[in-house]
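Right, one structure below, let's go through it.
The values are calculated or read from the model by the stated rules, or taken from the named source; none is laboratory data. All values reported here derive from a predicted model rather than from experimental measurement. Note that we place each Cβ from the backbone using ideal geometry, even for glycine, and neighbour counts take in every protein chain shown. Side chains included, ligands, DNA and RNA excluded: accessible areas come from the protein's heavy atoms. Shrake-Rupley method; radii C 1.70, N 1.55, O 1.52, S 1.80 Å.
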Amino acid sequence: MSVIHAPIVTPAALITEFTWPVSRFDGLKVLDLACSSGRNGLWFLAQGAEVTFIDRDLSAMSHIEHVNARKYQWDLEAEAAPSLPIEEYDIVLVFNYLHRPLLPQIAKAVKATGLIVYETFTTQQAESGRPRNPNFLLTENELKSAFANWQPLHYFEGRLCDPQSTQSSYKAQLIARKPKT
């Protein structure tokens, strides 16, 4: 029997507020990339998906044990980092992370007709808080352009307010379907 020994965590609103085009997640393969505490992947795990968690530091996930969870401690920005598997995942999640050289690998990791769920900071964020480094901030429409040939199911760029903390940030959000090959 598999058990998750973890406090209850709330996934990003983008995940819980989106009307998913599937009624069940059982058996779907999800990648939570640069997962940190894994809060978004854990939501999919609880829905029955098989989830792969990747981050350079998995210490925040040391208490997670589940038959459908795989954890890999990889520094995706290191030269020696393993490549992401090709057409392996039905859904790839990326939140609050941007490493532009990885974008083509992320796109290739999604199966044909699979989904990318991406939310991260835009350049406007530097005016109001962290991060401020332009290497970690999307320019206007950059996320949309990176997945231009995909079918957008949701796109937003602007100021978001977290309902729990009431803090706001400037982000871009994209949920898009990969075209058939």
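Structure notes:
- When both region 29-72 and region 125-170 are represented by their alpha-carbon centers, they are found 23 Å apart.
- Tensor-based shape of the chain (alpha-carbon gyration tensor, a/c under 1.5 rounded, otherwise prolate or oblate): rounded
- Nonlocal amide H pairs with residue 52, under 5 Å, H built at 1.01 Å: 30, 31, 32, 70
- Using C-alpha pairs under 8 Å with a sequence gap of at least 6, the mean separation divided by the residue count of the chain gives a relative contact order of 17 percent.
- Entry note, the chain: the mean residue ellipticity at 222 nm calculated from DSSP H runs of n ≥ 4, each adding -39500 (n - 2.57), is -3000 deg cm²/dmol after division by the residues and rounding to the nearest 500.
- Take each peptide in 170-179, 98-107, count the other Cβ atoms within 10 Å of every residue, and average; sorted highest first, the result is 170-179, 98-107.
- Solvent exposure, largest accessible area first (probe 1.4 Å, DNA, RNA and ligands not counted), of 161, 35: 161, 35
- Nonlocal Lys pairs with alpha-carbon distance under 15 Å, the chain (8 or more apart, or different chains): 10
- Solvent-accessible surface (1.4 Å probe) assigned to residue 67 amounts to roughly 100 Å².
- Sum of side-chain charges, residue 11 neighbourhood, beta-carbon under 14 Å (Lys, Arg +1; Asp, Glu -1): -3
- Per-residue HN-Hα couplings for region 71-79 [Karplus 6.51, -1.76, 1.60; θ = phi - 60°; Hz; x = Gly/Pro]: 10, 10, 9, 10, 8, 5, 9, 7, 4
- Solvent accessible area, Å² - residue 17, 1.4 Å probe, full protein context: 150
- DSSP beta bridges confined to the chain are antiparallel in about 45 percent of cases.
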